[in-house]
Amino acid sequence: MPTGSAFTHDSDFALTPVGRGARLTAVSPTTTANSNRRRDPGPPEIVEVAPSVYAYLQPDGTWWINNAGFIVGPDRVTLIDTCSTEVRTRALLAAVSRVSSNPIATIVNTHHHGDHTNGNGLAATPGATTIVAHHDCRTILAEEGIVHYDGVWEPVDWGELPLGLPTTTFADRLTLWSGGRRIELRHPGVAHTTNDVVAWLPDDGVLFTGDLVFHGGTPFVLMGSVQGALESVEFLRSFEATTVVPGHGPLCGPDVFDVHERYYRFVLDLAAQAHAAGTPALEAARAADLGEFAELSDPERLVGNLHRALAELSGTERGGPIDLVTAIGEMISFNGGRPLACCA
Ligand SMILES: [Zn+2]
């Protein structure tokens, strides 16, 4: 790992009241981690979205830069997701420890993607921390381990990341308790992936969505289902949340679901036209008028999304096998043949 991380050695949080809670800021975990950084996305923010409920928001929400969260109970901390790299995960753990000295008794993984699970092994104390996830999340992590996808993204310094597999899994729903606070875990069906889970705090109106929501970023369903993701929008609305902690991007409210619905319909329409005309995904993506979606980050995801939509139109089941190598390779082609931008 890079030594001398500014975050772990020099950070000081600034605490200022924001809305319903408090907002803490810290030195960016990438400030001195690597002098070759193409851009510094800035420090994470810790926002108390309800009493003792914290959103851990990492700008700028692009590839591999996810959000997490934690809930402080009388005897424990419940962590919602970890981070992609050792430095980022250690920064998350430092933030948690500054708020509470209680042990991290439970980690919830919102899905298997490495930006949400790579830090599991660092955050968990063996024998003392329960890692909770959907069955498929554990299956995929056990099969694939920590995946670095060398060459797909701009180089990332991952650090040392011991694998941390879920120890409690479920199919549809599970309720956790943090003191008297309910944390309801619910699976929407295949959407962003086969194993998405949201964490719903009914007494607080807070919904941690995982990557069912990219706020400001292009939704990405290559490993899930476009139709399933469209249906997940109604699932998300059904909670009537007042505060939405997205998987990526700034804190938001339920209005963020609307752009996701429009985007999935846009992809389905494009795919239907491409399927009828026999147009390949990359060609259809290049010819597409992105309209309002042009302002979303990581636009190359359209190529992957079209691959999934076209596969579904050809009879592939939701979340079923797909040629990921071709799809990701064509996302790079869409990006001008360059590795995908990443400042994790
Ligand atoms: Zn994801």
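Read-outs throughout are calculated quantities, based only on the coordinates presented, and are distinct from any laboratory measurement. Predicted model, so just to flag it, every value in this text is computed and none were measured. We place every Cβ from the backbone using ideal geometry, glycine too, and count neighbours over all the protein chains shown.
Express the Stokes-Einstein translational diffusion coefficient of segment 236-293 in µm² s⁻¹, to the nearest whole number, given a Kirkwood radius over alpha-carbon pairs, 25 °C and a viscosity of 0.890 mPa s. List each step's numbers first, then the result.
On the way: Rh = 13.4 Å.
The calculation lands on 183 µm²/s.
What number, in percent, do you get for the relative contact order of segment 174-305 if the mean sequence gap of Cα pairs under 8 Å and at least 6 apart is divided by its residue count? Present the calculation step by step, with values, prior to reporting the outcome.
Details: 228 pairs, mean separation 29.8, N = 132.
Taking the mean separation of contacting Cα pairs over the length of segment 174-305, I get 23 percent.
Starting from the 7 Å offset along Cα-to-Cβ, what nm value, one decimal, do you get for the label separation of Asp75 and Ala287?
6.3
Could you tally the net charge around Val256, taking each other residue with its Cβ under 12 Å from the Cβ of Val256, Lys/Arg +1 and Asp/Glu -1? Write out the running numbers ahead of the final one.
Details: positive: Arg237, Arg262; negative: Asp255, Asp258, Glu261.
Surrounding charge for Val256 is -1.
Using a 10 Å cut-off around each Cβ, can you sort Trp63, Trp177 from fewest to most neighbouring Cβ atoms? Kindly include the intermediate steps, with their values, before the conclusion.
Values: Trp63 24, Trp177 12.
So the ranking, lowest neighbour count to highest, is Trp177, Trp63.
For His148 and Asp203, what is the calculated FRET efficiency with R₀ set at 30 Å and r taken between the beta-carbons, to the nearest 0.05?
Details: r = 40 Å, r/R0 = 1.32.
The computed FRET efficiency comes out at 0.15.
Which value in Å is the Kirkwood Rh of segment 64-126 over different Cα pairs?
Kirkwood hydrodynamic radius for segment 64-126: 11.4 Å.
For the chain, what is the mean residue ellipticity at 222 nm derived from helices alone (per DSSP H run of n ≥ 4: -39500 (n - 2.57); sum divided by total residues; nearest 500 deg cm²/dmol)?
Working: 10 runs with 103 residues, N = 344.
Rounded to the nearest 500, it is -9000 deg cm²/dmol.
If one computes P(r) from the Cα atoms of the chain, what percent of pairs lie at distances over 26 Å?
Numbers: 26764 of 58996 pairs.
Considering the chain, 45 percent of its Cα-Cα pairs are separated by more than 26 Å.
Among all stretches of the chain without exposed GluC sites (Glu not before Pro) (DSSP loop, at most 11 other Cβ atoms within 10 Å), which one is longest?
Numbers: sites that count: Glu160, Glu240, Glu317.
Answer - 1-159.
With a ≥ b ≥ c taken as the square roots of the eigenvalues of the C-alpha gyration tensor of segment 162-203, please select rounded if a/c is under 1.5 and otherwise prolate if a/b is larger than b/c or oblate if it is not? Don't skip to the end; give the middle numbers.
Numbers: a/c = 2.36, a/b = 1.28, b/c = 1.84.
Oblate.
Using only Cα atoms, figure out Rg for segment 114-233 and give it as a multiple of 2.2 N^0.38 Å. Write out the running numbers ahead of the final one.
Details: Rg = 15.3 Å, N = 120, 2.2 N^0.38 = 13.6 Å.
Compactness ratio reported: 1.13.
For the chain, modelled as a Gaussian network with Cα springs under 10 Å, which listed residue fluctuates most, Gln58, Gln273, Gln227?
Sorting by GNM fluctuation, first place goes to Gln273.
Between Ala171 and Arg265, what length in nm is gained on full extension when 0.36 nm per residue of separation is reduced by their alpha carbon distance? Numbers along the way, then the final one.
Details: separation 94, 0.36 × 94 = 33.84 nm, distance 2.73 nm.
Result for the pair: 31.1 nm of gain on full extension.
Please give the length that would be gained between Glu317 and Ala94 if that part of the chain were fully extended, namely 0.36 nm times their separation in residues minus their C-alpha to C-alpha distance (nm, one decimal). Walk me through the intermediate numbers first.
On the way: separation 223, 0.36 × 223 = 80.28 nm, distance 4.17 nm.
Extra length from Glu317 to Ala94 when fully extended: 76.1 nm.
In degrees between 0 and 90, to the nearest 10, how far off the longest principal axis of the chain does helix 135-144 point, with axes built from Cα atoms?
That works out to roughly 80 degrees.
Could you identify which residue out of Pro250, Pro155, Pro219 has the top mean-square fluctuation in a GNM of the chain using Cα springs shorter than 10 Å?
Comparing Pro250, Pro155, Pro219 in a Gaussian network model of the chain, the most mobile one is Pro155.
How much length, in nm to one decimal, is gained on full extension between Asp157 and Arg237, taken as 0.36 nm per residue of separation minus their Cα-Cα distance? Kindly include the intermediate steps, with their values, before the conclusion.
Values: separation 80, 0.36 × 80 = 28.80 nm, distance 3.72 nm.
Using 0.36 nm per residue and subtracting the Cα-Cα distance, I get 25.1 nm.
Restricting to Cα pairs below 8 Å that are 6+ residues apart, what does the relative contact order work out to for segment 13-255? Please round to a whole percent. Don't skip to the answer; put the middle values down first.
Numbers: 574 pairs, mean separation 38.8, N = 243.
Answer for segment 13-255 is 16 percent.
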